[in-house]
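Asker: I have a structure here, written as structure tokens, and I will follow up with some questions on it.
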Amino acid sequence: MTNTDHPNPPLKTITIVGGGTAGWMTAALLSRLFLGAYTIRLMESEEIGTIGVGEATIPAIRTFNGLAGIDEYEMVRATQATFKLGIEFRNWRSPGHSYIHGFGKIGQDLYWLHCHQFWLKEQAAGRAKHLDHYALNTLAARMNRFAMPDPSNPHSPLADIDYAYHFDASLFARFLRGRAEAAGVERIEGRIVAANRRGEDGFLDHVMLADGRKIDGDLFVDCSGMRGLLIGDAMGVGYEDWSQWLLCDRALAVPSARAGELTPYTRSTAHGAGWQWRIPLQHRTGNGHVYASRFVDDDAAAATLMAHLDAPALDTPRPVRFHPGKRHRAWERNVVALGLAGGFLEPLESTSIHLIQTGILRLIALFPGRGFNAADIDEYNRQTDFEYRDVRDFIIAHYKVTEREDTEFWRYLKHMDVPDSLTERLDLFAASARFFMHGKAELFREESWVQVLLGQGLKAHYDPMVDMIPADQASAFLKDVEEVIADVAAGLPTHEAFIARHCRAPAMSVAAGQQSSR
């Protein structure tokens, strides 16, 4: 039987396989929204542990927290978190170059034209500063300053500031576990050794634990990580490989001691065959090197990572291997794959946790409360496929649009063919710096594409409609945007001071929080 309508009675039991961020995010939100309507249980094994899918997030995580009833400052303290205004990209365009992909708006519009259009014209004439000066998020990040948005003044850049978090992923999972168990979620300790499907329809019936227990369920959520125990091993759903565009297939992660001021941004530094992340937490700094094993061996990659830490390492680098791509289907019969079980995209834009979140929300929107319906399952898979491809294209753009050709890795990437969907977008932007959304499900909005494509060095003409505005008016408009943003940014508290005032975490041993990959 394929993904067709299934006549079973209404669901009663949701069984989540795997803990970590994916499993406990699922358990925490479902138990909150379903208010005891279903029996929810989660199986995980202390023997196996978790990879940890992220320490850096994007602003949509605040939607999850709101739905889950999470108090923001409580979560920040519990997870040793800091705030994030964007991502700094060093050495991506060329060695020594830096730009920030910030959340929130770039300046403001003049009539129907966006701010970056005026910047392109003025920049070509040598009258504009770095693009980072025209968005509050990016300039505040450069100045190590932070504040919450202030919607009470819609004419101020502060109304549009946007933010996410850096947190310890293992502590976040622990925090969510406490909430989920308090809401009635049953945690089952055990290692799965087999998964059994029903012969008559191919639905998953139960899993077998190493101690002989059988755990059944009506709906199974596979959060087993890259192993994909249910979606892959049991249900036989294959994997679409994207390694022809995304060459990195390994990572090394290591914590280091805190160093200097708490920066309100993630840093991504490009190296010869990959890139290195730096994520500031209250009690330590998370670091890792994502690299392509066909261009650099593990020992050399580890040496590069350790040589670029800004404080002493607190452990030895922990290796992770992965295959960029996604499952052909995220929902098969009565199994839904979330997180790494459904696919892997390198964490360049901090999308790992977001893809878990949207997968959960999509499941809620299409929840099979009266049995499994083929139309619901097909729609879930369509939306998941679109989302993964959308994020994939954005990540590929960071590699394709570059001036670097200094190593074999970068030469390949700069000259490689890319998906048609990305080629069309790059060509359109180069023509007149215009951007159009392809659908509501797109994660990255115009501001993100603008900052990344211009930051990476894409040569773009400005919209010819800019010339309809008198030159002196256009120039004065951009200068005013720059001055207002500079004034507002200078008046913000430092990131460190904001945390000290509102949400300083209790002191803890770094060893108490498991180092997680971004």
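The values are calculated or read from the model by the stated rules, or taken from the named source; none is laboratory data. Bear in mind that the values here come from a model prediction, so they are computed numbers and not experimental data. In this analysis, Cβ positions are derived from the backbone assuming ideal geometry, glycine residues included, and neighbour counts consider all displayed protein chains.
Asker: Looking only at the range 330-388, count every residue that is over 20 Å from GLY19 (Cα atoms), touching a Gly at 6+ places or on another chain (Cβ under 9 Å) and among the β-branched types (Val, Ile, Thr) and tell me the total.
Answerer: Within the range 330-388, residues that are over 20 Å from GLY19 (Cα atoms), touching a Gly at 6+ places or on another chain (Cβ under 9 Å) and among the β-branched types (Val, Ile, Thr) number 1.
Asker: Tally up the residues in the range 441-471 that are outside any helix (DSSP H, G or I), of a type in the set (A, V, I, L, M, F, W, C) and more than 27 Å from PRO95 (Cα to Cα), please.
Answerer: 3
Asker: Okay, next question. Return only the number of the condition from (1) under 20 Å from LEU230 (Cβ atoms); (2) of a type outside the set (A, V, I, L, M); (3) assigned to a loop (DSSP other than H, G, I, E, B) that TYR380 does not satisfy.
Answerer: With (1) under 20 Å from LEU230 (Cβ atoms); (2) of a type outside the set (A, V, I, L, M); (3) assigned to a loop (DSSP other than H, G, I, E, B) applied to TYR380, the lone miss is (3).
Asker: Here's something else I'd like to know. Output yes when any residue across the range 149-160 is in contact with a helix residue (DSSP H, G or I) (Cβ under 6 Å, 6 or more places away or on another chain) and on the phi > 0 side of the Ramachandran plot, and no when none is.
Answerer: Looking for residues that are in contact with a helix residue (DSSP H, G or I) (Cβ under 6 Å, 6 or more places away or on another chain) and on the phi > 0 side of the Ramachandran plot, one finds none in the range 149-160, hence no.
Asker: List pairs: first in the range 296-318 and without any contact (Cβ under 8 Å) to a residue 12 or more places away in the chain, second assigned to a helix (DSSP H, G or I), Cβ under 9 Å, 6+ apart or cross-chain?
Answerer: Close Cβ pairs satisfying both conditions: none exist.
Asker: Something else now. Say we look at the range 164-201 and pick out the residues that are among the hydrophobic types (A, V, I, L, M, F, W, C) and free of Cβ contacts under 8 Å to residues at least 40 places away in the same chain; which of these is surrounded by the fewest Cβ atoms within 10 Å (Cβ to Cβ)?
Answerer: Out of the qualifying residues, it is ALA182.
Asker: Could you check the range 123-143 and list, in sequence order, the residues that are touching an Asp or Glu at 6+ places or on another chain (Cβ under 8 Å) and either among the β-branched types (Val, Ile, Thr) or assigned to a helix (DSSP H, G or I) (or both)?
Answerer: HIS133, TYR134, LEU136, ASN137, THR138, LEU139, ALA141, ARG142, listed by residue number.
Asker: Can VAL391 be described as of a type in the set (Val, Ile, Thr) and more than 30 Å from ALA37 (Cβ to Cβ)?
Answerer: So VAL391 fits the description; yes.
Asker: Also, I was wondering about something else. Quick check on my filter: what residues within the range 18-34 are touching a residue at least 60 places away in the same chain (Cβ under 8 Å) and among the hydrophobic types (A, V, I, L, M, F, W, C)?
Answerer: ALA22, TRP24, MET25, ALA27, ALA28, LEU29, LEU30, LEU33
Asker: Let me ask you something else. Can you work out which of the residues in the range 416-431 that are of a type in the set (Asp, Glu) and assigned to a helix (DSSP H, G or I) is nearest to SER243 (Cα to Cα)?
Answerer: Across the range 416-431, the extreme among qualifying residues is ASP420.
Asker: Count, please, the residues in the range 211-264 that happen to be under 30 Å from THR494 (Cα atoms) and not acidic (Asp, Glu).
Answerer: 11
Asker: Give just the number: which of (1) part of a loop (DSSP other than H, G, I, E, B); (2) at pLDDT 95 or above; (3) out of contact with any Leu (no Cβ under 6 Å at 6 or more places or on another chain) does ALA147 not satisfy?
Answerer: (3) is the only condition that ALA147 fails.
Asker: Turning to a different aspect of this structure: Which one of these is under 15 Å from TRP275 (Cα atoms) and crowded, with 21+ Cβ neighbours inside 10 Å: ARG404, ARG392, ARG327?
Answerer: Going through ARG404, ARG392, ARG327 in turn, just one is under 15 Å from TRP275 (Cα atoms) and crowded, with 21+ Cβ neighbours inside 10 Å: ARG404.
Asker: Then there's this: State the number of residues belonging to the range 81-122 that are under 21 Å from the mean Cα position of the chain (by Cα), touching a residue at least 24 places away in the same chain (Cβ under 8 Å) and part of a strand (DSSP E or B).
Answerer: 12
Asker: Can you list residue pairs whose Cβ atoms sit under 9 Å apart, with the first residue in the range 208-225 being free of Cβ contacts under 8 Å to residues at least 60 places away in the same chain and the second being surrounded by fewer than 15 Cβ atoms within 10 Å (Cβ to Cβ) and not basic (Lys, Arg)? Count only pairs 6 or more apart in sequence or on different chains.
Answerer: Listed pairs, sorted by first residue: MET208/VAL193; MET208/ALA194; MET208/ASN196; ALA210/GLU47; ALA210/VAL193; LYS214/ASN196.
Asker: Taking into account only those residues within the range 147-163 that are of a type in the set (A, V, I, L, M) and buried (at least 17 other Cβ atoms within 10 Å of the Cβ), which is farthest from LEU230 (Cα to Cα)?
Answerer: Among them, the one singled out is LEU158.
Asker: Kindly establish whether LYS459 is among the basic types (Lys, Arg) and touching an Asp or Glu at 6+ places or on another chain (Cβ under 9 Å).
Answerer: No.
Asker: Same structure again: Looking at (1) in contact (Cβ under 8 Å) with a residue 40 or more places away in the chain; (2) assigned to a loop (DSSP other than H, G, I, E, B), which is the only condition ALA37 fails?
Answerer: (1)
Asker: Restricting to the range 412-462, and then to whatever is aliphatic (A, V, I, L, M) and within 19 Å of the chain's Cα centre (by Cα), can you tell me which residue is surrounded by the fewest Cβ atoms within 10 Å (Cβ to Cβ)?
Answerer: ALA441
Asker: Working only within the range 272-286, note down all residues that are surrounded by fewer than 24 Cβ atoms within 10 Å (Cβ to Cβ) and over 28 Å from ARG145 (Cα atoms).
Answerer: Residues satisfying the conditions are GLY272, ALA273.
Asker: If the requirement is being farther than 22 Å from ASP168 by Cβ and of a type in the set (Ser, Thr, Tyr), which of these qualifies: THR39, THR21, THR57?
Answerer: Matching residue, one of THR39, THR21, THR57: THR39.
Asker: Turning to a different aspect of this structure: Restricting the search to the range 400-415, which residues are under 15 Å from GLY96 (Cβ atoms) and either assigned to a helix (DSSP H, G or I) or of a type outside the set (Asp, Glu) (or both)?
Answerer: THR402, ARG404, TRP410
Asker: Any residue in the range 351-365 that is touching a residue at least 12 places away in the same chain (Cβ under 8 Å), crowded, with 18+ Cβ neighbours inside 10 Å, in a loop (DSSP other than H, G, I, E, B) and within 21 Å of the chain's Cα centre (by Cα)?
Answerer: yes
Asker: Sticking with this one: Hey, does the range 287-305 have a residue that's buried (at least 21 other Cβ atoms within 10 Å of the Cβ), within 23 Å of THR79 (Cβ to Cβ) and in contact with an Asp or Glu (Cβ under 8 Å, 6 or more places away or on another chain)?
Answerer: For the range 287-305, residues buried (at least 21 other Cβ atoms within 10 Å of the Cβ), within 23 Å of THR79 (Cβ to Cβ) and in contact with an Asp or Glu (Cβ under 8 Å, 6 or more places away or on another chain): present.
Asker: Let me ask something else about it. Among the numbered conditions (1) assigned to a loop (DSSP other than H, G, I, E, B); (2) under 30 Å from PHE203 (Cβ atoms), tell me where ASP310 comes up short.
Answerer: (2)
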